[in-house]
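The values are calculated or read from the model by the stated rules, or taken from the named source; none is laboratory data. Since this is a predicted model, take the numbers as computed values, not measurements. Here the Cβ positions follow ideal geometry from the backbone for every residue, glycine too, while neighbour counts run over all protein chains shown.
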Amino acid sequence: MGYVVDDLISEFLTETAESLEVVDSELVKFEANPTERKTLDNIFRLVHTVKGTCGFLGLSRLEAVAHAGETLLGRFRDGKLEVTPIAVTLVLHSIDRIKVILAGLEQTGNEPDGDDHDLISQLEAMAEGQAVDLSAVQTVEVPDRPINGEIEPAEINIPSLGVGDIDPATGRALRPGEVSEAELEAAFAAAEGPEGADALQPGDIDPATGRTLRPGEVSEADLEAAFAAAEAPDWMTDATPEPVSEVAPPAPEPVKAAAPKAPAPPESAPSLGGEEAQGIATTQSIRVSVDVLEGLMTLVSEMVLTRNQLLQISRNREDSAFATPLQRLSTLTGELQDSVMKTRMQPIGAAWKKLPRLVRDLSYELGKKIDLVMDGEGTELDRQVLELIRDPLTHMVRNSADHGLEGTEERVQLGKPANGTIKLSAFHEGGYIVIRIADNGRGLNTARIREKIIEKGLASRVEVDALSEQQVHRYIFAAGFSTAAKVTNLSGRGVGMDVVRTNIEQIGGQIDLTSVAGQGTTFTIKIPLTLAIVSALIVGAGAQKFAVPQTAVMELVRTGANAEHRIEKINDALVLRLRNKLLPLVQLGPTLQLEAAKDEDATFVMVIQVGERRYGLVVNDVLDTEEIVVKPLATILRDVDVFSGATILGDGSVVLILDPNAMSERAGNMLEEKAAEETEETAAETGSEKVAMLLFKAGNGAPKAVELEHITRLEHVESSQIEIMEGRAALQYRGKLMPILTVNSDFSGLLSAQSEEHHIQPLLVFTGEGYAMGLAVDEIVDVIEDHMTIELSADRPGVRGTAIVAGRACEILDVDYYHLRGLAEHQRHPATTNEKAVA
Amino acid sequence: MSLRDYVTLRVGGQLFGVDAARVHDVFHPRGLTPVPLSRSEIAGVLNLRGRIVTAVCARRRLGLPPREEGAPEPLAIGLEVHGDSYGLVIDSVDEVLKLDDEKFHAPPGNLPPRWAEIIVGVYQLEKELLIVLDPHTLLDAAHLKAA
């Protein structure tokens with residue numbers, strides 16, 4: 001719960017801190033030149049924004065101060081009030097007050113207690129044109145640095161001089177930015193303390209400069225202080241109790257209506273206990289502008305290129321004395337590159353921040369109770385990629401809430417928990433980040449989608465009938481497909497999933513889904529961690545070289561006169577026979593209108609997978625693989641969509657990077673037509689190719705068959721090892737608990753088998769990403785290769801249909817169904833410790 | 001009277017000028033990698049000291065005939081537009097001239113449209129006219145499409 005609030009507040013703090021920085025400097029400008037209209041407008045707008053945001057977050061104290069300040073500024077703006085230094089000071093006071101409240105807010109998560117009447121009454125008086133007693137306003141010292149920064153802000157509380165206290169030396173309140181002698185001395189006294197850094201109280205006067213830092217100012221000493229603090233985390237808990245007594249008694253003489261407990265450091269300071277340890281950890285980070293990071297990244301990229309060039313030169317010289325140091329340089333460059341890449345990494349939680357709020361609004365709007373569960377917010381990825389997936393993710397969560405989840409009543413009737421759950425999770429896998437968006441709603445309506453596919457003319461009835469359930473589901477990614485019966489305010493405009501898919505594929509990602517009727521839908525997105533540096537294959541076509549991102553390339557096939565594989569022609573279309581499937585081919589040279597190099601050159605086919613589509617790209621040669629730094633093409637070249645960028649190779653030449661996605665689109669209709677029958681999925685094998693199948697018996701009825709390629713292993717275990725309880729079965733398998741399923745979800749057979757001594761239970765083991773499951777069968781009959789043509793479609797889950805295999809009618813197992821059930825078993829007892837449920 | 005520096009250059013015999021402040025460098029466009037399927041004005045991309053520079057042929061852009069056989073090696077001036085590095089491929093570079101703003105004239109009204117939009121104005125030099133080009137519209141994708 002605290003998560004949402006904290007994040008909203010911290011975002012608000014960042015924004016407000018930045019706004020206030022500007023207001024500060026603008027006000028100073030404004031005072032110097034009161035006729036400068038633009039400056040005033042700017043200030044007014046900023047304060048107004050702050051006010052608005054405070055109101056939105058229910059921060060009443062802040063809002064009241066900001067409102068009074070805004071009113072006064074409004075008078076200036078309307079020209080009804082002359083701009084006097086006193087007036088500006090007053091406005092600055094209110095800005096300072098806001099900052100102090102913000103500081104308290106950041107530390108405790110709540111607005112600190114306090115009364116701002118003193119300030120507000122004076123602001124109002126000023127706005128009314130009445131005489132103003134500046135001294136009536138309790139002045140406050142402002143934390144000396146941007147409120148939000150990663151460096152934990154700290155209260156100004158010199159032990160000898162409480163916050164908002166009156167400077168005893170001058171007998172009047174200090175103005176912001178003003179430095180009293182006493183303060184100076186106090187600072188030195190503090191700094192010269194025996195403990196060195198320890199004596200440095202948080203937010204103290206900067207000992208290096210001997211003055212308080214002005215808001216917005218960031219000094220080296222500030223940073224040092226932060227580091228010192230981080231090294232000695234005790235200081236937080238040490239926060240001296242003295243200020244309590246210092247502040248509590250209202251200041252002496254000049255202050256009339258002093259706030260009883262102005263910015264309340266005593267409240268915040270002691271609270272900096274346990275939980276705040278986290279805050280201390282953050283003191284070790286600093287905010288660096290994105291520009292600096294981008295600049296750094298560019299430099300490192302250049303360095304990588306230069307390194308590559310050097311390595312190339314060195315490779316061609318045998319005697320080189322440079323070889324060893326160059327090797328070292330090369331390693332260092334690699335490490336530097338990794339480090340810099342890390343600075344670009346951001347937790348994916350940043351892209352999820354607005355989702356809890358979104359889900360809450362949706363929940364209200366749709367009248368559904370929805371829980372949003374997030375797991376793995378800390379998983380990092382390149383901020384560029386992060387930006388690109390933010391919108392698709394939002395859209396998908398919206399979809400899940402709108403279409404995926406049932407209404408509360410319906411859920412209750414179905415015996416499901418009243419609250420629907422949308423679960424977001426993220427984890428790393430290889431060079432990818434995998435993001436899952438799962439809901440426990442009604443699942444996709446397969447029958448409706450089938451109808452819709454036919455209705456929209458995306459496929460014929462015969463084709464649709466031959467598709468597996470999962471293949472049918474995937475049609476929701478097709479352009480212009482929408483199943484929502486009614487277009488709601490939120491979704492159902494039929495552009496959604498198509499756009500999501502396109503966006504994700506554009507950054508070299510993949511999207512897939514699994515759905516079980518009545519149990520929910522899970523979308524899985526896999527995207528590369530970074531786009532800046534990719535591994536690529538350098539290929540030759542015509543007389544030119546091109547780079548193809550390796551992520552898209554599934555395999556390379558050598559073709560040509562002496563090769564095993566031969567390119568064949570159907571009319572004008574080129575195809576390749578690959579493991580009994582026909583792969584449509586695109587010739588790189590002719591597609592790019594390159595002049596053909598010598599014909600009958602050694603030719604390679606790169607099998608390229610882009611989302612659902614798979615095709616072969618015919619190139620003359622595959623030359624090398626190289627880590628390339630992707631550089632965007634100049635604007636003038638953006639209309640050439642087949643290239644996603646350019647890079648400089650080790651030899652100094654520039655090569656263009658092919659966009660496999662756009663390439664397949666360029667290749668035209670041929671692919672589109674073929675796509676349906678050429679998807680890699682199993683049901684596409686309705687043709688007459690032979691498939692290796694495992695025949696087995698399980699449950700009652702016809703013998704069953706499953707394509708061998710889906711099975712990871714066959715296991716034979718003693719039945720007694722299988723643990724059966726509460727309608728579930730599991731087996732300790734390779735150190736993990738693997739769920740055991742049966743074809744009819746009935747474990748009686750297993751139970752009776754257990755009573756038999758040394759009964760051996762055959763299992764078909766299926767594995768997926770990070771999980772495994774076993775399907776208990778009665779008997780494994782045979783492994784055969786045969787044509788598989790599903791002749792009768794199935795009417796129950798888990799069976800794709802009936803086909804004649806080896807002369808017998810067999811039920812063909814729907815592997816996807818069992819995968820999902822296995823996955824569901826795994827998700828029933830997730831590692832709850834690192835999950836945070838938010839309403 | 002205020003003076004302004006112009007890099008003067010020749011394309012197809014005509015004298016052109018580009019605000020010297022806009023010209024980053026002058027180089028030989030070598031090692032060009034052609035960009036398939038791109039507009040005819042694009043000569044290719046090249047590596048200029050680690051930067052990828054897009055070379056645009058001025059003759060093509062201005063609708064002039066291609067260079068004759070045996071002409072001396074062309075030059076390119078480095079320009080930056082919208083943060084992208086471009087090389088405008090020209091025939092030759094002359095001198096840098098300091099020209100008085102007072103002698104600057106708006107372009108005449110009878111120019112062909114292809115020229116009109118990329119020309120800022122004209123200086124009347126003693127011997128000939130110096131046509132001042134606007135690198136921005138010259139290399140801007142939107143203008144290019146319209147051309």
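Please state which of the following conditions A:GLY378 fails to meet, knowing it meets all the rest: (1) under 13 Å from the mean Cα position of the chain (by Cα); (2) part of a strand (DSSP E or B). So the condition that A:GLY378 fails would be (2). Note on the range B:22-43: among residues that are more than 8 Å from chain A (Cβ to nearest Cβ) and in a strand (DSSP E or B), the one that is farthest from B:GLU80 (Cα to Cα) is B:ALA43. Of all residues being at pLDDT below 90 and surrounded by fewer than 16 Cβ atoms within 10 Å (Cβ to Cβ) in the range B:26-48, which is nearest to B:ILE118 (Cα to Cα)? Just the residue, please. Going through the qualifying residues, I end up with B:SER40. Total residues in the range A:383-400 satisfying the condition of being more than 11 Å from the chain's Cα centre (by Cα) and of a type outside the set (Val, Ile, Thr): the figure is 5.
Residues in the range A:411-439 that are surrounded by fewer than 14 Cβ atoms within 10 Å (Cβ to Cβ) and assigned to a helix (DSSP H, G or I): A:VAL412, A:GLN413. Examine the range A:606-622 for a residue that is modelled with pLDDT of 80 or more, touching a helix residue (DSSP H, G or I) at 6+ places or on another chain (Cβ under 8 Å), farther than 14 Å from A:MET554 by Cβ and away from chain B (no Cβ under 14 Å), and state whether such a residue exists. Yes: the range A:606-622 contains one or more residues that are modelled with pLDDT of 80 or more, touching a helix residue (DSSP H, G or I) at 6+ places or on another chain (Cβ under 8 Å), farther than 14 Å from A:MET554 by Cβ and away from chain B (no Cβ under 14 Å). Can you find even one residue in the range B:10-18 that is surrounded by fewer than 21 Cβ atoms within 10 Å (Cβ to Cβ), out of contact with any strand residue (DSSP E or B) (no Cβ under 8 Å at 6 or more places or on another chain) and closer than 25 Å to B:LEU97 by Cβ? Yes, because at least one residue in the range B:10-18 is surrounded by fewer than 21 Cβ atoms within 10 Å (Cβ to Cβ), out of contact with any strand residue (DSSP E or B) (no Cβ under 8 Å at 6 or more places or on another chain) and closer than 25 Å to B:LEU97 by Cβ. Exactly one residue out of A:LEU737, A:LEU763, A:LEU750 is outside any helix (DSSP H, G or I) and under 23 Å from A:VAL781 (Cβ atoms), and it is A:LEU763.
In the set (1) facing chain A (nearest Cβ under 10 Å); (2) surrounded by 21 or more Cβ atoms within 10 Å (Cβ to Cβ); (3) in contact (Cβ under 8 Å) with a residue 40 or more places away in the chain; (4) of a type in the set (Val, Ile, Thr), the condition left unmet by B:VAL81 is number (2). If I ask for residues that are within 31 Å of the chain's Cα centre (by Cα) and of a type in the set (D, E, K, R), which ones from the range A:617-665 would you list? Within the range A:617-665, A:GLU626, A:GLU627, A:LYS631, A:ARG638, A:ASP639, A:ASP641, A:ASP659, A:GLU665 meet the criteria.
Against the test of being buried (at least 17 other Cβ atoms within 10 Å of the Cβ) and farther than 26 Å from A:SER10 by Cβ, the options A:VAL65, A:VAL100, A:VAL23, A:VAL88 yield a single qualifying residue, A:VAL88.
Mind checking whether some residue in the range B:110-127 is within 14 Å of chain A (Cβ to nearest Cβ) and part of a strand (DSSP E or B)? No: the range B:110-127 contains no residue that is within 14 Å of chain A (Cβ to nearest Cβ) and part of a strand (DSSP E or B). Against the numbered list (1) among the aliphatic types (A, V, I, L, M); (2) within 23 Å of A:ALA543 (Cβ to Cβ); (3) surrounded by fewer than 22 Cβ atoms within 10 Å (Cβ to Cβ); (4) within 11 Å of chain B (Cβ to nearest Cβ), A:ILE648 comes up short only at (3).
Just so you know, in the range A:643-673 the residues that are assigned to a strand (DSSP E or B) and not small (Gly, Ala, Ser) include one that is modelled with the lowest pLDDT, and it is A:ILE648. For the range A:624-642, the tally of residues that are assigned to a strand (DSSP E or B) and more than 7 Å from chain B (Cβ to nearest Cβ) stands at 6.
Check the range B:49-63 and report whether any residue there is in a strand (DSSP E or B), within 14 Å of chain A (Cβ to nearest Cβ), surrounded by 19 or more Cβ atoms within 10 Å (Cβ to Cβ) and in contact with a Cys (Cβ under 8 Å, 6 or more places away or on another chain). Taking every residue of the range B:49-63 in turn, none turns out to be in a strand (DSSP E or B), within 14 Å of chain A (Cβ to nearest Cβ), surrounded by 19 or more Cβ atoms within 10 Å (Cβ to Cβ) and in contact with a Cys (Cβ under 8 Å, 6 or more places away or on another chain).
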